[in-house]
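The values are calculated or read from the model by the stated rules, or taken from the named source; none is laboratory data. If you're wondering where the values come from, they're calculated on a predicted model, not measured in any experiment. Cβ sites come from the backbone with ideal geometry, for glycine too, and all protein chains shown count toward neighbours.
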Amino acid sequence: MAKDTASCDTPPRGGPDWDDLVRRLHACGFDAHAYLARNQDLQRTLPDASAALAHFLEHGYGEERDIVCAALPSGMNDLAAGADRTGDHAIRLFRTIFIAQMKNPETEGRLWRGVGSEFFAAAAGLGGLPYFVIGDSHANHYFRPVWAGAQWFMPLVLVCHGASAHGLARQDNGQTYGEKVLRWARGPAQETDAPVFLKFGGIDAEFRWIRQRLERNVSAFSRAEFERHAKASVARYADFLARLQHEIPRSRLLVCSVFPSVLPDNDWIAGFVRAHRVGPEPDRALAERLQQMEIPGLRVRTALRAQYNEYLREMCAGHGLTYVDDFTPCLSSDPMVDRGVQAHQDHHLDRGAIEDGIVDIIRAHVRIAESMTGPN
């Protein structure tokens, strides 16, 4: 994300307005010691934490410096209430604190429980464009707090680690991810009318399919068998989405495609084992079993994910849901996954390489005020 120095319209140091702003910043959990530790270029010029705090309020917020804060929304409503909206300082400061609070490990738990409608009203008044992303670990690719004119994208990411689309429909005394999402939909999701991106299915389209083959001791690859698996997965996903629509209007729900497979053929087994790591001996045994299986190459795995996405698209069309294609922008003209988006030693896409495509998708589904111009 490009850095952009903000205009300096903070109140003068030492006055009551400055003291009030410092109080509000402390309420957000700003850690001046961490600010110095994470910005080593400042350690030579700033003598102490007090000077670090002043630097942040006068310069650092506009330079998008790395900071540490409390969990969302600590102090944010108070920060917005005291904001001077005559300049862009308040917007930039609020946004910088938001990004830091989203990175706090405790924030996700608060998002599942709810952060309050007052917070969303405060954020909207300072240019925030909220959207939720719920899904497996690939949902993190939608964390894009970039500028949209004088407004800015405000991603609220809820990760269901290792969750499959198929498993969302399970009902197990409220202990499944599907039930957790439904509880969120009945409560916290009602605090705002922000769109909700749903990023599930990537686990099903490859890892869950392979796990099922391991369980059934099926070594030979069969495209027809994969297609049966994919159809069953999407059908179960549809059952869950039908329940979700009782809580959230379908106009807010955006069903994302699955990303392409990115693990190269020569690292696929090691990548699968890394993703399912248990311990040295079980991992070694798993690798040996996988070596006895017929694992399709990257080109075929790309085609299989395209087939899974086609079932997703058909399901969305049949149920009046919006389908979001974030698969095609990641492909080259072959079609194969573009090498530029492949991350090494990981089954996730390269974050930087797909930024433009993801930002375009978000832009298409949030309400941006067309009359607003960019920040100074």
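Right, T302: among the hydroxyl-bearing types (S, T, Y) and surrounded by 13 or more Cβ atoms within 10 Å (Cβ to Cβ) or not?
Numbers: among the hydroxyl-bearing types (S, T, Y): yes; surrounded by 13 or more Cβ atoms within 10 Å (Cβ to Cβ): yes.
Here the answer is yes, as T302 does meet what is asked.
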Being crowded, with 17+ Cβ neighbours inside 10 Å, out of contact with any Phe, Trp or Tyr (no Cβ under 6 Å at 6 or more places or on another chain) and polar (S, T, N, Q) is the filter here; which residues of the range 252-286 pass it? S261
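Residue-wise test of (1) hydroxyl-bearing (S, T, Y); (2) in contact (Cβ under 8 Å) with a residue 60 or more places away in the chain.
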{"site": "T107", "(1), (2)": "yes, no"}
{"site": "P130", "(1), (2)": "no, yes"}
{"site": "V133", "(1), (2)": "no, yes"}
{"site": "D136", "(1), (2)": "no, yes"}
{"site": "A165", "(1), (2)": "no, yes"}
{"site": "A169", "(1), (2)": "no, yes"}
{"site": "Q175", "(1), (2)": "no, no"}
Residue ranges of helices (runs of 4 or more DSSP H) in the range 204-277 with at least 2 members more than 21 Å from the chain's Cα centre (by Cα) and over 19 Å from G162 (Cα atoms): 223-244
Could you pull out the residue among E118, E64, E58, E106 that is of a type in the set (D, E) and exposed (fewer than 14 other Cβ atoms within 10 Å of the Cβ)? E106
Being closer than 14 Å to I248 by Cα and in contact (Cβ under 8 Å) with a residue 60 or more places away in the chain, is that true of even one residue in the range 197-208? yes
Name the residues in the range 166-191 that are in a helix (DSSP H, G or I) and closer than 19 Å to R236 by Cα, would you? H166, G167, L168, A169, Y177, G178, E179, K180, V181, L182, R183, A185
Some residue of the range 142-154 being in the same structural domain as N309 (by TED's automatic domain parsing), part of a helix (DSSP H, G or I) and at pLDDT 95 or above: yes
Looking only at helices (runs of 4 or more DSSP H) that fall completely inside the range 45-120, which ones have 3 or more residues that are farther than 24 Å from V157 by Cα? 49-55
Take the range 305-354 and flag every residue that is in a helix (DSSP H, G or I), buried (at least 21 other Cβ atoms within 10 Å of the Cβ) and at pLDDT 90 or above. R305, Y308, N309, L312, C316
Within the range 192-202, track down each residue that is farther than 14 Å from R301 by Cβ and in a helix (DSSP H, G or I). none
Within the range 239-247, identify whether any single residue is modelled with pLDDT of 95 or more and touching a Gly at 6+ places or on another chain (Cβ under 6 Å), and answer yes or no. yes
Close pairs from the range 255-267: first at positive phi, partner modelled with pLDDT under 90 and in a strand (DSSP E or B), Cβ under 8 Å, at least 6 apart: none
